[in-house]
1. Please give the solvent-accessible surface of Leu8 in Å², to the nearest 10, using a probe radius of 1.4 Å with every protein chain present.
2. With a 1.4 Å probe and all protein chains in place, put Asp60, Asp27 in order of accessible area, largest first.
3. Taking a 1.4 Å probe, which of Ser30, Ser20 shows the most accessible area, and what order do the others take after it?
4. Working out 0.36 nm times the residue gap between Ala29 and Tyr55, then minus their Cα-Cα distance, what length gain in nm do you get to one decimal?
5. How far apart, in nm, are two points set 7 Å out from the Cα along the Cα-to-Cβ line at Val45 and at Val9?
6. What is the magnitude of the charge dipole of region 1-60 about its Cα centre, with +1 placed on the Cβ of each Lys and Arg, -1 on the Cβ of each Asp and Glu, and no other charges, expressed in debye to the nearest 20?
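The values are calculated or read from the model by the stated rules, or taken from the named source; none is laboratory data. Since this is a predicted model, take the numbers as computed values, not measurements. For neighbour counting, all protein chains shown are included, and Cβ atoms are generated from backbone atoms with ideal geometry for every residue, glycine included. Quick note on the areas: whole protein, heavy atoms, side chains included, nothing else; ligands and nucleic acids left out. Shrake-Rupley method; radii C 1.70, N 1.55, O 1.52, S 1.80 Å.
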Amino acid sequence: AHFGTVGLVRIIHEHGTGQSRGFCFVDFASVAEATRVLREAQGVVIDGQPVRLAYARPKDAIAGSGDRDRDRAGGGRGGHDGQGAP
């Protein structure tokens with residue numbers, strides 16, 4: 001399936017083992033493409049697992065949070081500057 005023009009994909013790994021933590025960050029060519037992918041690919045099943053997509057929040061928005069794993073969920077960031085949806 002075609003999900004847009006991808007600029008950069010960052011797969012997040014465990015520090016000690018190097019294994020994937022099961023999420024990544026994806027930069028798209030535009031916010032419009034990221035929005036379309038978020039809408040069309042939500043719930044697509046890959047290797048038996050449904051894909052969950054969300055816009056990444058800016059680091060300053062999560063700096064004071066006590067729940068790091070929840071706040072670091074991956075998703076399409078959209079836009080050339082990685083700012084996500086307006």
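1. The accessible area comes out at roughly 80 Å².
2. Putting Asp60, Asp27 in descending order of accessible area: Asp60, Asp27.
3. Largest accessible area first, the list is Ser20, Ser30.
4. Using 0.36 nm per residue and subtracting the Cα-Cα distance, I get 7.9 nm.
5. Between Val45 and Val9, the simple spin-label model gives 2.1 nm.
6. 140
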